[in-house]
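Structure, as structure tokens:
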């Protein structure tokens, strides 16, 4: 079975900026959920959980996936270690700083400092972005502080790193996760598909914004160097909330991500930004491989990724419900907001929750982040239509937010509304929303921003089959009414919808049924 590899073609790169959510476009066809190099891993994995190697039921698979997440959460990588923790592990603060200089720029320190002869023996699964590791001295100048460019990491530190990452193929890149697909949108939004160790896939979206420019082309005319990128991060594979307007909700919850699996999305996002900005023309990426299920259809896809501006913001608005995986998300926030690590300020990290319970907000009461609440409708019966899993009234959920805000130092809160034509876009809904929000604004120091998001089509049947995007006139009327009633409201432009990377469109192609079939196929071998 041939493996996909992502290679940087000899080409140059230019600069741009943007912001958006979701994923679509060409999805790689599913392949067996265990990595090729661990062909029979499913048997050891099932046995380690006390399970039979026979085909599991859907319920058994869900339980085992959560057990797997719980087990691997204790198997940390350098990604989730603070500078002090990694220093203790590697035997020195200098080594720790070198490793984090690499990680911060999306470079695996193990690959960068390993001897050339050992790197050359790696199989094709490790050839992703391989060209940059061929000129190690040039790469060191790119990612390391000047004072550390001549310092070796040392064989003992490399052995420790390899051992630390032994549960994921001895490395972060192509071990903890493998980048198997890149989908750039015409507006610069770039969606990444990452395959995890156990074969599940998650999507991460890079959304560039251009300063003082109305679009990508306008920004290119005005010159590069102005702008920022927001990274939309996933916290779970799928989601159990079942929001009728969201593609991820159709997947159901497959499993939660570990802190490391959340942070590896930032690792690859930083890699994409760095590589895209290293030259003057668009960077070309090629994805070569053979369909892993049929082993028949040869495919080569070359995509051009425009230069992306520096990452300044992270939003937990990708796949999954953060409050349903609070421990992992809190751990990721801790690393993202440390000055010596990814050094994002608290106001630049936003956690969005649909609020399954009033206590959901309290999960992040001490986290260095802003909160966002996916409200969509404040009338209970209407919200039940849009979020069918909700078990609490909106008043009960609002009180949970209010009590949490009173205990937080950062009280900026975004209220998010996916506006659907003829469903929740009337003046009546705007009036109800303004009245509902007024109670939250009574919290001293609170800062409420209402994000209006025109609905993005997710296709398929069910309730969403009748959903349509409202006219922009309707959207602006809704915004105007909120502002007249004293609510600061802004319309978030659709980004990445041509590659299904817009808000609500994120969903991978792999289903639980597919994974069960793959499990059965391997068990029969």
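The values are calculated or read from the model by the stated rules, or taken from the named source; none is laboratory data. What you see is a predicted model, and the numbers here were worked out from it, not measured in a lab. With ideal geometry, Cβ positions are generated from the backbone for all residues, glycine too; neighbour counts draw on all protein chains shown.
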TODO: Report yes if residue 393 is touching a residue at least 60 places away in the same chain (Cβ under 8 Å), out of contact with any strand residue (DSSP E or B) (no Cβ under 6 Å at 6 or more places or on another chain) and surrounded by fewer than 16 Cβ atoms within 10 Å (Cβ to Cβ), otherwise no.
DONE: no
Open item on the list: Considering only the stretch 318-337, I want to know if a residue exists there that is surrounded by 19 or more Cβ atoms within 10 Å (Cβ to Cβ) and at positive phi.
Closed with: yes
Open item on the list: Among the listed residues 308, 344, identify the single one that is in a loop (DSSP other than H, G, I, E, B), in contact with a strand residue (DSSP E or B) (Cβ under 8 Å, 6 or more places away or on another chain), without any contact (Cβ under 8 Å) to a residue 40 or more places away in the chain and under 23 Å from residue 274 (Cβ atoms).
Closed with: 344
Open item on the list: Here's a check for you: in the stretch 435-456, which residue that is buried (at least 22 other Cβ atoms within 10 Å of the Cβ) and over 23 Å from residue 380 (Cβ atoms) is nearest to the chain's Cα centre (by Cα)?
Closed with: 456
TODO: Select, from 475, 423, the only residue that is surrounded by 15 or more Cβ atoms within 10 Å (Cβ to Cβ), at pLDDT 90 or above and in a loop (DSSP other than H, G, I, E, B).
DONE: 423
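To keep it simple, each residue is scored yes or no on (1) loosely packed, with under 13 Cβ neighbours inside 10 Å; (2) modelled with pLDDT of 95 or more.
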| position | (1), (2) |
| --- | --- |
| 428 | yes, yes |
| 433 | no, yes |
| 458 | no, no |
| 514 | no, no |
| 523 | no, no |
- [ ] All but one of (1) crowded, with 22+ Cβ neighbours inside 10 Å; (2) touching a helix residue (DSSP H, G or I) at 6+ places or on another chain (Cβ under 7 Å); (3) touching a residue at least 60 places away in the same chain (Cβ under 8 Å) hold for residue 377, so report the exception by its number.
- [x] (3)
TODO: Output yes when any residue across the stretch 258-274 is modelled with pLDDT under 80 and surrounded by fewer than 23 Cβ atoms within 10 Å (Cβ to Cβ), and no when none is.
DONE: no
TODO: Please work out if residue 183 is touching a helix residue (DSSP H, G or I) at 6+ places or on another chain (Cβ under 7 Å), outside any strand (DSSP E or B) and in the same structural domain as residue 77 (by TED's automatic domain parsing).
DONE: no
